[in-house]
1. Over the chain, with every protein chain in place, what whole percent of the accessible area is carbon and sulfur at 1.4 Å, could you tell me?
2. Just the C-alpha atoms of segment 57-120: what Rg/Rh do they give, with Rh taken as the Kirkwood radius?
3. What are the trypsin sites (Lys or Arg not before Pro) within segment 42-146 that DSSP puts in a loop, where the Cβ has at most 11 other Cβ atoms within 10 Å?
4. Ignoring everything except DSSP H segments at least 4 long, calculate the 222 nm mean residue ellipticity for the chain; use -39,500 (n - 2.57) per segment, divide by total residues, nearest 500.
5. Mind checking the per residue accessible area of segment 1-93 for me, 1.4 Å probe, whole number of Å²?
6. If all Cα-Cα distances of the chain are sorted into 10 Å bins from 0 onward, what percent lands in each bin, rounded to whole numbers?
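The values are calculated or read from the model by the stated rules, or taken from the named source; none is laboratory data. What you see is a predicted model; the values in this text were computed from it and never measured. Ideal geometry is used to build each Cβ from the backbone, glycine not excepted, and the neighbour counts take in all protein chains shown. Surface areas here come from the heavy atoms of the whole protein model, side chains and all, with no ligands, DNA or RNA. Shrake-Rupley method; radii C 1.70, N 1.55, O 1.52, S 1.80 Å.
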Amino acid sequence: VSQSRYWQTEGTIYAEVDYRNFSTSNQAIIQLFQDSSNRFGIAVFRSGANNGFQGFVLSSGGIVVNITSTITSAGIYKLAFAYKLNDYAFFINGVLINTDTNAVVVSANTIQFGHGENTSQFNDRIRAAALYTTRLSNDELAQLTT
């Protein structure tokens, strides 16, 4: 499938994960990837003693979207990261975590499930994953992740 068919200007990334193995490092769950300086997706992050999920965009080597939510317990999480020029939203389990209205969409040519660069492999279960060709509305994102 041509990359222009499903992620060039807008879309939604969805993942349902069974997160049990809290990590001491960042881990990619799903990312759309051009190169190490240009990519976006959903990841697990580690900050100090805290783990969490993030919707992120890395453009020209800099983070331009970083929407995060700390998590304190293992369990099943439904995550959706919607993207469109200046219109990003990140939902977890039916709840809007935050939005970003000032960011570009990065061109990508590869989808990576459960891994990123070298040491950022997701060390848990991806129960379901989907890519949508449009930026779903916030109501649709809430329903999708509930």
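1. 42 percent
2. Here the Rg-to-Rh quotient is 0.98.
3. none
4. -1500 deg cm²/dmol
5. Working: 3650 Å² over 93 residues.
Result: 39 Å² of accessible area for each residue.
6. 12, 48, 35, 5, 0
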